[in-house]
Every structure is written in C-alpha cells, then in structure tokens.
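The values are calculated or read from the model by the stated rules, or taken from the named source; none is laboratory data. Please read all numbers here as calculations on a predicted model, not as lab measurements. Glycine gets a Cβ as well: all are built from the backbone with ideal geometry, and neighbour counts include every protein chain shown.
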Amino acid sequence: MAADDLMEKIVNLCKRRGIIFPSAEIYGGFRSTYDYGPLGVLMLRNVKNAWWRSMVQLRHDVVGLDASILSTPKIWEASGHIANFTDPLVDCRNCKERWRADHIDGICPKCGSADLTEARAFNMMFKTYAGPVEDDASVAYLRPETAQGMFINFKNILQTTRKKPPFGIAQVGKSFRNEITPGNFVFRTREFEQMEMEYFVPPAEAPTWFEYWYKERLQWYLDLGINRDLLRLRHHDKEELSHYSAGTVDIEFAFPWGWGELEGIANRTDFDLNAHSAHSGERLEYFDPTTNEPYIPYVIEPAAGATRTMMAFLVAAYGEDEINGDVRTLLRLDPRLAPYQVAILPLSKKEPLMRLADDIFASLSPIFSCDYDDTQSIGRRYRRQDEVGTPACVTIDFESLEDNAVTIRDRDTTNQVRVPIAGLRSHLAAILGWN
Ligand code: ATP
C-alpha cells in the first residue's frame, strides 16, 4: 500500500471510529492538537499501562512519580533547557513559511524557493505566568519533558523509599513543546504524552545498564506485537550526541513516510544530578555505606512517547484482507492494547435474550474491557469490531437460551467456537492471554 494511502486510511479510521479527532474541529481546528475519543482513550491508556506494568509493577527496583507540569524557570536553567532547548529556524522569504533548518535541504518544501533567512535559535518551551501578575517573577514553564521531575525529587525518593542504586524512577505524563513543524498526525504534536524512566546506577556500571535497557526496551515493542522488520536500533555517533550524553540509542519504527524515533535510550552520566546540585545547593548524591563515601550516580534514561507509540501500534496493526469476497479492514492489535478485548453481541433486542446478554456483560466487564453492540446485522457488527481490533466477539443467539452456550468469534481467523456460558470467563482469559 502506498505510504500516503496508508496514513490517510489510518487517520480516517481514527476519526470515523472515535479513536482520535482533530481538536476544536467545530472552530476550524487548532494547530496540530488532537482529542482522544472513546476508543482512543482506552487504547492510549492500554499503551501507558503496558509500559507501567513492565517498568514499575513487575520490578522491585523502579518506583513511580507524578510530578507537576507547571514548573519554575530555575529547573530549566539548571537542566540547560533555557539555554539549549532550541531548534534552528529559517523563514522562507518568498512564501513566509517557517521551517526547521535541519529538516529541509536549503529549499522551501512549500514553494520551492531557495531564498531562506539565516537560521535563528528558537526556544521550544511554552512560557506562561503563575498568579495574577504577568511579570518576570511569575514566569513559569510547561514542562517540555517529564525527566526533570525525577531529578528534582531524587532526594525525596531516596529518603522515602530507601532504594539504593541501581534503582529507577518512572513517570508517564504530558509534555509540551512549541514544535515549529508539527505533523504526520500525532507523530509530532505540541502537546503529547511521554513515558520516561531515570535509572540511577554506580558510574562504573553505566555502560552495562545502558546496554541492558536498550535491549529491554526493544523487547517491549516486540512483545506487544510489532514485527522486528519494522523496528531498528540506531546508535548516535559522537557528533550527534547531546551535550550530556555518553551514549544514545534510538529505537526507530518504519512509519509510512520513513524511519522515525519512538524512544531514545541515553547514558546521561551525572550531568543532571550535578547540575541540580550546583543550582539548588542541595547535594543530590547517594551515600554508599560500603565505602563510607558519597557519590553522584550516573543515569540511564529510556524516554518514550506514549502518543507517538500508540500511533506506531496502529500502523503496525493495520491490515486488510478478504473474507468471502468482501474486503475487510482489521487492526491486529495485541489484546492488551486493543480498546476492547471482548464485544458482546446479542443477535436480537428481544427479551429474554437481552437479559442474558446483560448478565454476560456484567460478568465479563470487571475483567475485560467490553463493548456491547445490539445494532445492525451480525456481519456488520463483526466488521466494526475487526476494524477497531477487538480480538473476541461473543455472540448470544436464541439457542443460547436452550443450551446455555455462546459463540466466540476470533478476529484474525474469523473462526467460531461454541462455549458454555459457565466457562466463558476462563475460556476468554485463556485465548486472550489474560492473567
Ligand atoms: P524528535 O527528534 O522526534 O524531536 P526528541 O529526540 O526530541 O524527538 P526526546 O526528547 O528524546 O525526543 O523525547 C522522548 C520521546 O518523546 C521521543 O522519542 C518521542 O517518542 C516523544 N516525543 C518527543 N517530542 C514529541 C512530539 N513533539 N510529539 C510527540 N511525541 C514526541
């Protein structure tokens, strides 16, 4: 499928089925902002939960945090964002469009003119005022990354959890960047969600943990069903490394328009804790009882985008096939990511079938995310579930009242099996891999 076609199909599907809507549409839209609809909010939450589960819940060396989005300029002075978080910007003198200099080859992609201004630095942080007075003393920033929350709480967390290196602090939340050229749907937006973890280690162990984490993170995407061919690791060479980094690997995904970063894993050395120690006057160090010496740990950071990653899962899952001569669209999503795991489909709206369907919904919905659909023909209902990736449909027919059994239909194969209602929960748990 041509790249443009695939993107158009995914964007249309997202709009048509309530996954992602362009924001403020009734007002003509608003600058690359998006709203996650009833199905999108379920899927995005699933992406974040899958990350949290593997990064926090299943580990005893990582704890969570939810730090504030509004932040003092002092944080961003220390982190280097006020001085360095800039993109080189050029204006096209012909059509007045503005571009990131490093995204274009000296020619305006809109009008083709080579008459561009010199590149200027443009700070990407959103600035606002906290309180009623708009003066220098009340300047605040919306965080452009979640990472700094972990560094400024390093001491709090050491004291309250009694963790010792190697240990990590993880956070999922919104970040804001005034991107000059947002685009490619939710790949690059000004408001987005990140999933970041700062893993604090003894300096000598940093190279080992760096390798451990980029392998671990690659495996996460593979476990959730992205094909290995659609992923690659890209090591930054010396010239590309950020000023704080002793090594960076990007995990990239083959988007329809080319490779794009899903996540960066960096060895940030002791840059951040050092910088905040120097600026705040608090010593952000770990006192090692085995040597009786304090030291500043190194940090390995896997930093991923939740919204961007959700889009990669959608692209990877999108498929079309033919069933009895009809083309159908389907999302081959892992059951853990699909907005609904189960759709409950009563064949008729008549009693007592409806009551039975309600009972089944009540029994399954505490365990699985369930849709309930009693509209249109059963064939149409299956198609609607296929295109939003629901792995299992449970059909309740008149025979169910006699044999106390229902039909489970599989999204990928369309195979159907008859299952006793009494064993439905455990049967679904088994086929969905739920535990
Ligand atoms: P890029 O080079 O694409 O601008 P970055 O290297 O600046 O990304 P990081 O600062 O490492 O990105 O942020 C970590 C992750 O956050 C990225 O890998 C990406 O998944 C996500 N991310 C960053 N900027 C955006 C954005 N504007 N919109 C959506 N996701 C983003």
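Just one residue in the set S348, S377 is among the polar types (S, T, N, Q), without any contact (Cβ under 8 Å) to a residue 24 or more places away in the chain and not assigned by TED's automatic domain parsing to the domain that holds N46; that residue is S377. Here the condition is being more than 16 Å from the ligand (Cβ to nearest atom), surrounded by fewer than 23 Cβ atoms within 10 Å (Cβ to Cβ) and aromatic (F, W, Y); of Y340, Y295, it holds for Y295 alone.
For (1) out of contact with any helix residue (DSSP H, G or I) (no Cβ under 9 Å at 6 or more places or on another chain); (2) farther than 24 Å from R190 by Cβ, each residue gets a yes or a no:
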position	(1), (2)
R45	yes, no
M55	no, yes
D66	no, no
K74	no, no
T86	yes, no
E97	yes, no
A101	yes, no
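Collect the residues in the range 22-49 that are under 30 Å from G64 (Cα atoms) and of a type in the set (F, W, Y), keeping them in residue-number order. Y34, Y36, listed by residue number.
For M150, are the conditions met, namely being surrounded by 18 or more Cβ atoms within 10 Å (Cβ to Cβ) and assigned by TED's automatic domain parsing to the domain that holds L65? Even if it seems obvious, please write down each step before you answer.
Details: surrounded by 18 or more Cβ atoms within 10 Å (Cβ to Cβ): yes; assigned by TED's automatic domain parsing to the domain that holds L65: yes.
Spelling it out, M150 is indeed surrounded by 18 or more Cβ atoms within 10 Å (Cβ to Cβ) and assigned by TED's automatic domain parsing to the domain that holds L65.
If we only count helices (runs of 4 or more DSSP H) wholly inside the range 315-429, which ones have 2 or more residues that are among the aliphatic types (A, V, I, L, M) and more than 31 Å from the chain's Cα centre (by Cα)? Steps first, answer last, please.
Working: elements: 353-364, 378-386, 398-403.
Fully inside the range 315-429 and qualifying: 353-364.
Only a single criterion out of (1) loosely packed, with under 12 Cβ neighbours inside 10 Å; (2) in the same structural domain as T189 (by TED's automatic domain parsing) is not satisfied by D5, namely (2).
Taking only the range 256-276 into account, find how many residues are in a loop (DSSP other than H, G, I, E, B) and not aromatic (F, W, Y). Steps first, answer last, please.
Of the residues in the range 256-276, the ones in a loop (DSSP other than H, G, I, E, B) are 256-257, 268-270.
This time we only want the ones that are not aromatic (F, W, Y), so: 256, 268-270.
Residues meeting the conditions: 4.
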